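Where a number appears in this text, it was derived from the coordinates with a stated rule and is not lab data. Model, not experiment: these values are computed from the prediction. Note that we place each Cβ from the backbone using ideal geometry, even for glycine, and neighbour counts take in every protein chain shown.
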Amino acid sequence: MTVPWWQSGVIYQIYPRSFQDTNGDGVGDLKGITRRLGYLAELGIDAIWISPIYPSPMADFGYDVSDYTGVDPRFGTLADFDDLLAQAHAHGLKVLLDFVPNHTSDQHPWFLESRSSRSNPKRDWYLWRDPVPGGGPPNNWISDFGGPAWEWDEASGQYYYHAFLKQQPDLNWRNPAVRAAMQDVLRFWLDRGVDGFRIDVLWHLIKAADFPDNPSNPAYRPELGEMHRVLQQHSTDQPEVHGIAAEMRALADGYGATGQGERALIGEIYLPIDRLMAYYGVEQAGVHLPFNFQLVEALWQARSLAALIAGYEAALPQGGWPNWVLGNHDRPRVATRRGQAQARVAAMLLLTLRGTPTLYYGDELGLGDVEIPPGHVQDPRELREPGKGLGRDPVRTPMPWNASEHAGFSTAAPWLPLNADWPDRNVAHMAAESGSMLTLHRRLLALRRAHPALALGDFAFLEAENDVLAYERSYGEERLVVALNLGAMTQRFEMPVWALDGRPLLSTLADLTPVQDGALLLRPDEGVILTLAD
């Protein structure tokens, strides 16, 4: 069966500042990604998603864009990008860019024009509002980075809205000119040959037209961050956003229809499952994959995970393809959340569930969150609300490639500290170890390629008890069993009658345990994939 690449493939997120530096400034660049394409192809992934590379003042490290059709000099040039794209395609890899449509930099020419006067033609490209009678912000909306979401502009006597930093003013997506300009941005990159986009904060794009106050959050706890003091009822997830998603989908699908290859749209959407599903589209097509972040915060217990997976599968709309994420540039790493032993089990879970998995760079090494000394903190979120653990620097640290100085990432001191165990936890060292986390990922990804049941097959739970989560993956005549021990004690998994002849293909531990007396004895923190094939 022929399916789109984004349905059978595995996506790998690269944070470009931290992947590979080639010019000795301590910051990763596009040539660095190009240099490591061989590693990525050998790893066994199918597509890379690159976090923002556009020109930017870097108030929020590229998520404040000052030019949507260029490359920031820190990362290289458009020619460097074209070379990366061509070489990635030659390696059989797709390339997705991070599209940041909700807001620009306050240094973007559009905003400079908009701010210049109330009569400027681009004034309505952003969200400007008068103060309330007696003075003060137009409503009680709070920035996701803490503090009011409205910034006073003395020169024009109005406030502008920013869902994030004040240096990131939100665009007015109710303005047709804005929508047309952003369609042109997508065309610019699609015409260059990119294979799709991850769309930043898609659910933020449209705000309630009359800007009412958001309701207070009765469950607010200060340690969660000031943004949670109100519920984002009117500032996010408005019905009109689905029309915008449909326009983007139509554009992407139009390129695929010309025979140039399928283009994929992935939406960043942090919403409850019932609301997330609407982004697949109902009356009109939505994005191909609304990111499913449930595993990032899931209670790591077998029965709880089973309920989560079942609920997600049941909620999918007709034709909706699932996807799973264990980590990204904003959330604590899986090795920190679950520990090294269970991170191996989590890797097997991610790469054997039905749907498209997304790997975060370094997770294949078991990188954990890196402690950042106070004087080295870079993340504006941590700087605005220090001490609450909201900073994202610990998960954005440089990729350790080998045991040479600066771990082979750069010839200079890197922009963020390396993981403390980099002399051993690096690509070169772990590639040579048969039992390493990297080797486990390579074997898991190879199994996905070799067994259609894992990449495309049906999914069904198997009866299991205690800390065991077990399921079947099947495709045609092929049937595989995945059994995961989410606990620290040995567990007995009674094999289904039809699977008694199952033969272990891969364990998260060093050796394979055969089925004996109709059962599989799963060792502590062990996951096993079995096949019924001869």
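If exposed trypsin sites (Lys or Arg not before Pro) are those in a DSSP loop with at most 16 other Cβ within 10 Å, what is the longest stretch of the chain that has none?
Numbers: sites that count: Arg118, Arg174, Lys388.
Answer - 175-387.
Could you give the C-alpha radius of gyration of segment 140-187 expressed as a fraction of 2.2 N^0.38 Å, taking N as the number of residues it contains?
On the way: Rg = 13.0 Å, N = 48, 2.2 N^0.38 = 9.6 Å.
Expressed relative to 2.2 N^0.38 Å, the Cα Rg reads 1.35.
Along the three principal axes, how long is the chain when you take its alpha carbons, biggest first, rounded to the nearest angstrom?
On the principal axes, the chain reaches 80, 51, 50 Å in Cα extent.
Work out from phi, with θ = phi - 60° and the Karplus expression 6.51 cos²θ - 1.76 cosθ + 1.60, the ³J(HN,Hα) of each residue of segment 88-94, listed in order in whole Hz, and give x for Gly and Pro.
Here the 3J(HN,Hα) series is 4, 4, 5, 7, x, 9, 8 Hz.
Let's see if you can work this out: charge +1 on each Lys and Arg Cβ, -1 on each Asp and Glu Cβ, no other charges. What is the dipole magnitude of the chain about its Cα centre, in debye to the nearest 20?
Charge dipole, the chain, about its Cα centre: 100 debye, nearest 20.
Once R0 is set to 25 Å, what does the formula 1/(1 + (r/R0)^6) return for the Cβ-Cβ distance between Asn466 and Gln516, expressed as a FRET efficiency to the nearest 0.05?
On the way: r = 19 Å, r/R0 = 0.74.
Efficiency, from the Cβ-Cβ distance: 0.85.
Once each part is reduced to its C-alpha centroid, what is the distance from segment 436-503 to segment 229-302 in angstrom?
29 Å
Output the 0 to 90 degree angle, nearest 10, between the alpha-carbon long axis of helix 437-450 and the longest principal axis computed from the alpha carbons of the chain.
The angle comes out near 80 degrees.
Only sites in a loop by DSSP and with at most 11 other Cβ atoms within 10 Å count here; which GluC sites (Glu not before Pro) in segment 109-170 make the cut? Don't skip to the end; give the middle numbers.
Numbers: sites: Glu113, Glu151, Glu154; in loops: Glu154.
Listed in order of number, the matching sites are Glu154.
Extension gain Trp498-Thr411, at 0.36 nm per residue separation less the Cα-Cα distance, in nm? Walk me through the intermediate numbers first.
Numbers: separation 87, 0.36 × 87 = 31.32 nm, distance 5.66 nm.
This chain segment gains 25.7 nm when fully extended.
Loop only per DSSP, at most 15 neighbouring Cβ atoms within 10 Å: give me the GluC sites (Glu not before Pro) in segment 199-307, ordered by residue number. Each step should come with its number before you reach the end.
Working: sites: Glu223, Glu226, Glu240, Glu247, Glu262, Glu268, Glu283, Glu297; in loops: Glu240, Glu262, Glu268, Glu283.
For GluC sites (Glu not before Pro) across segment 199-307 that sit outside H, G, I, E and B with at most 15 neighbouring Cβ atoms in 10 Å, the list reads Glu240, Glu283.
If you rank Ser51, Ser114 by fewest surrounding Cβ atoms within 10 Å, what's the result? Don't skip to the answer; put the middle values down first.
Working: Ser51 23, Ser114 27.
Going from sparsest to densest Cβ surroundings: Ser51, Ser114.
Take the cross-link list Lys94/Lys122; Lys166/Lys207; Lys94/Lys166; Lys122/Lys207; Lys31/Lys207 and give me the ones stretching past 27 Å between alpha-carbons.
Violating the 27 Å limit, Cα to Cα: Lys94/Lys122; Lys94/Lys166; Lys31/Lys207.
Please compute the contact order of segment 109-161 in relative form: average sequence separation of alpha-carbon pairs under 8 Å and at least six residues apart, divided by the residue count, as a percent. Could you put the intermediate results ahead of the total?
Working: 71 pairs, mean separation 16.0, N = 53.
Over segment 109-161, the number comes to 30 percent.
In segment 345-411, which GluC sites (Glu not before Pro) fall in coil by DSSP and have 14 or fewer other Cβ atoms within 10 Å?
Details: sites: Glu364, Glu371, Glu382, Glu405; in loops: Glu371.
Here the GluC sites (Glu not before Pro) that fit, given the DSSP loop and packing criteria, are Glu371.
Just to verify a number: FRET efficiency for Ala257 and Ser116, C-beta to C-beta distance, R0 = 45 Å, to 0.05? Mind dumping the intermediate values first?
Values: r = 41 Å, r/R0 = 0.92.
Between Ala257 and Ser116 the formula returns 0.65.
What is the chain's relative contact order, in percent, from Cα pairs under 8 angstrom and six or more apart in sequence?
Working: 1122 pairs, mean separation 65.5, N = 534.
Contact order relative to length: 12 percent.
So what is the relative contact order for segment 449-534, in percent, with contacts set as C-alpha pairs under 8 Å and at least six apart? Don't skip to the end; give the middle numbers.
On the way: 186 pairs, mean separation 24.0, N = 86.
28 percent.
I'd like the orientation of helix 241-255 relative to the chain: the angle between its Cα long axis and the longest Cα principal axis, in ° from 0 to 90, rounded to 10.
On a 0 to 90 degree scale, this one is about 70.
Each residue of segment 495-509 in turn: what ³J(HN,Hα) in whole Hz from Karplus with 6.51, -1.76, 1.60 and θ = phi - 60°, glycine and Pro shown as x?
6, x, 4, 5, 10, 4, 8, x, 10, x, 9, 7, 10, 6, 9
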